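Structure, as structure tokens:
The values are calculated or read from the model by the stated rules, or taken from the named source; none is laboratory data. Keep in mind that what you see is a predicted model, and the values were worked out from it rather than measured. FYI the Cβ positions are ideal-geometry reconstructions off the backbone, even for glycines, and counts take in every protein chain you see.
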Amino acid sequence: MSQQDWLDKDFYAVLGVSKDASAQEIKKAYRTKARKYHPDHHPDDAQAEERFKEIGEAYSVLNDDEQRQQYDAIRAMGSGGARFSAGQGGGAGGAGFEDIFSSMFGGQGGGFPGGGRAAPGGGANPDLDDIMRMFGGQGGGFGGGPAGFQGGGAPAKGQDVSARTRISFRDAALGTEVRLNVDGKNVTTRIPAGVHDGQKIRLRGKGRPGPGSAPAGDLLLSLDVEEHPVWSSDGANLRLTVPVSFDEAVLGTTLTVPLLDGGTVGVKVAPGTPGGRTLRVRGKGIATKKKTGDLLVTVQIAVPTHVEGAARKAVEDLREALTDEDPRAGLREAAAR
């Protein structure tokens, strides 16, 4: 996506958030809208598919702090106070291009950084990608040399491109290899273990070619990680909830808990373990380059829905035997504090 397009696209409106929205608000809005317009829910609906692409494009920019700053700056210049007129002959519709660069860089009239000047008369409007270089972007040539060269004379990098891919939770946790088609070119890359939903990976040199012998730009790959019915991640830690019967919680037991790699591990449940308690198994979480997390097992007491005959009699006997036990003792006093 060219930064020249940013003037015409209101990414905040696409996601339905305000311009001062936090990163968490942006992520939440993206997930809601992406789920609503996902092609799986709208087969053969070209309008929904296009809407889904717009949502992904907006999120890829606003979710990246650097790109968001650049986007806000360009939008401010394009629709706010800064306006570009066609050289010296521009009308009274705002400050001219020369005036803006003069105030920003202390130049004399139409000067570019590095000594270049805009051509006189009409057609002197700057290329937006050139302006982006002031904000660290990967635009076209700028600054005293010929097009395609930076101010110091070094060849400018090719343009960065953005893409998205969807992977399973298991692949995100264990690592995988994905193949993409970006700008008509097949790209294969390794996704490291332990990535999370919304994470961006920068693939050096996988963007658009640079001019002449200049290096290619980068590919900014955003990851959508599918939810898993059993597993969830907490950094490098793996979480899952395991049901236990009432007697197992009261008397204690050893659970056989599955691992993400297909193995199992024994987890000891002490007598009297309450529902909701989390047990930690060290070193059985996600193995990344930096660390290996733990397995966090949350105990959930399974209550039978139908109890009859001898089983019901046993429960009634237990209730009678525990008449003096009050699980809600002190609740009202604590609530009144």
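Listed here are the strands (runs of 3 or more DSSP E) enclosed by region 187-257 that have at least 2 residues being crowded, with 17+ Cβ neighbours inside 10 Å and among the small types (Gly, Ala, Ser), and there are none. Here GLY217, GLY198, GLY207, GLY212 are screened, and the one residue that is over 19 Å from SER162 (Cα atoms) and not assigned by TED's automatic domain parsing to the domain that holds VAL299 is GLY212.
Set side by side, the residues GLY205, GLY309 differ, and just one is within 30 Å of LYS53 (Cβ to Cβ) and at pLDDT below 95, which is GLY205.
Which ranges mark the strands (runs of 3 or more DSSP E) fully within region 259-335 that have 2 or more residues being loosely packed, with under 11 Cβ neighbours inside 10 Å, without any contact (Cβ under 8 Å) to a residue 40 or more places away in the chain and on the phi > 0 side of the Ramachandran plot?
It comes to none.
The residues on offer are THR273, THR256, THR278, THR305, and the sole one that is under 21 Å from ASP234 (Cα atoms) and not basic (Lys, Arg) is THR278.
Here are the criteria: (1) in contact with a strand residue (DSSP E or B) (Cβ under 7 Å, 6 or more places away or on another chain); (2) of a type outside the set (Gly, Ala, Ser); (3) closer than 22 Å to GLY175 by Cα. Tell me which single one THR288 does not satisfy. Tallying (1) in contact with a strand residue (DSSP E or B) (Cβ under 7 Å, 6 or more places away or on another chain); (2) of a type outside the set (Gly, Ala, Ser); (3) closer than 22 Å to GLY175 by Cα, THR288 fails exactly one: (1).
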